[in-house]
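Throughout, read-outs are computed from the coordinates displayed, never taken from laboratory work. What you see is a predicted model, and the numbers here were worked out from it, not measured in a lab. Here Cβ is always computed from backbone atoms with ideal geometry, including for glycine, and neighbour counts include all displayed protein chains.
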Amino acid sequence: MFFLKKVFFTIKTNKFALVSFVFLLFFSLVAVLAPWIAPYSFSEVHSEFLKTPPVWEEGGVWRFFLGTDDLGRDFLSRLIYGARVSMSLGLMVVFLSVLVGTVIGLLSGYYGGWLDRIVVSIVDIMMSFPSILLAIVIVAVLGPGLFNTVIAVNVMAWPGVIRIVRGETLREKSKDYVEAARVFGAGSFRMVFKHILPNTTGPLLVQAILGFSEGILNIAALGFLGLGARPPLPEWGTMISDGRALMTDSWWLVVLPGICILLVVLCFNILGGVLRDALDPKGLNQI
C-alpha cells in the first residue's frame, strides 16, 4: 500500500508525469472503447471517397474528420482501432516478459551456482545482438503475424527484465531480514516469492513501463517492415508502411499514425523516467 501511495504521489506532484499519465489514460480508454467510439468499422470501404484529405484541408468533408486512405476507409476509425491493436500487443509483451523474466531472474539470483552462470551467459549473448535484427530473424523463421510478432518482441524484452530482477535479488538476499526468515525456517519458495519479490517491485514497475513503450515501438517497426499485423487489421506501424508510397499527396496516412506512436512512446518514457528517479534511482543499474 505504501508503494502504491508513493507511485501516485510521484505522478500527482510531477507535472510531466501527470500529463503523461493523462495522455496514456486517454489512449487506453480509446483502445478499450474503440468499437463504440469509432465512426466506422476499420475495414469499411467508401469507394466514392478515396484519399479524402482531413477536414481542415481543401476537399475535406466532416464525415471523415481525418480523411480516408487509398481504399476509402475512414482514417480516424483506423487510428482508433490501431490504438486498440498496438496497445494490446504492448500489454501482452509487458505481461509475458515481466512474468518470464521475473521468475528466471529470481531463481538465478537466489540459487546462484551453475544456474546463474547459464542464465547470465544466455542474457549476455542475447543482449549482444541488435534487438530489432534478432526480432526480424525470429519472425522470418516463424512467419509474419501478430502472434509471432509478440513472441519475437518478448524474446527481445526478457534479457532486460532478467538482468534487473537478478540484480535486485542478489542485493536483497544478503540483507538481515532474509537471514532472519531463513533462521525461522522459511523455505526457498516462500523466501523468494514472499520476501524477496515484493522488494523488487520498484525497479520492476519502471522496467515494465519502459518496456511497454519499447514493445509498442518494436511492434510498429516490425509492422512497418511487413512482418506484423496482416491487412486489413490496423496497426500504427503497418499503417505507416501502407501510406509511405502515397506520402507526397496523402501526408496524413503517414504523419498521423507516426504522431500516435510518438505520443504514446514519449509519455511512457517520461513516466518511467520520473518513477525511476523517485522509486529507485540505483536499482536499474544493478547487474
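Tabulated values for the structure
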item	result
Charge dipole (region 15-127, unit charges on Cβ, about Cα centre) - positive-most of THR52, PHE23, VAL120	VAL120
Lys pairs, region 2-285 - Cα-Cα below 19 angstrom, 8 or more residues apart or on other chains	7
Rounded Å value of the spacing that divides the Cα centres of region 209-248 and region 110-173	22 Å
Average Cα contact separation per residue, the chain, under 8 Å, 6 or more apart, as relative contact order %	24 percent
Answer label for mean projected area of the Cα convex hull in nm² (calculated), chosen among [x] 17.3; [y] 15.7; [z] 18.3	[x]
Axial C-alpha extent at least 30 Å, average Kyte-Doolittle at least -0.5 - helices from the chain (DSSP)	75-111, 146-172, 201-224, 252-279
In nm, spacing of pseudo-spin labels at THR13 and TRP36 (7 Å Cα→C-beta vector)	3.6 nm
Estimated dipole of the chain in Debye, rounded to 20 [Cβ of Lys and Arg +1, of Asp and Glu -1, Cα centre]	1180 debye
Helix-only CD estimate at 222 nm, as mean residue ellipticity for the chain, using -39500 (n - 2.57) per DSSP H run (n ≥ 4)	-22500 deg cm²/dmol
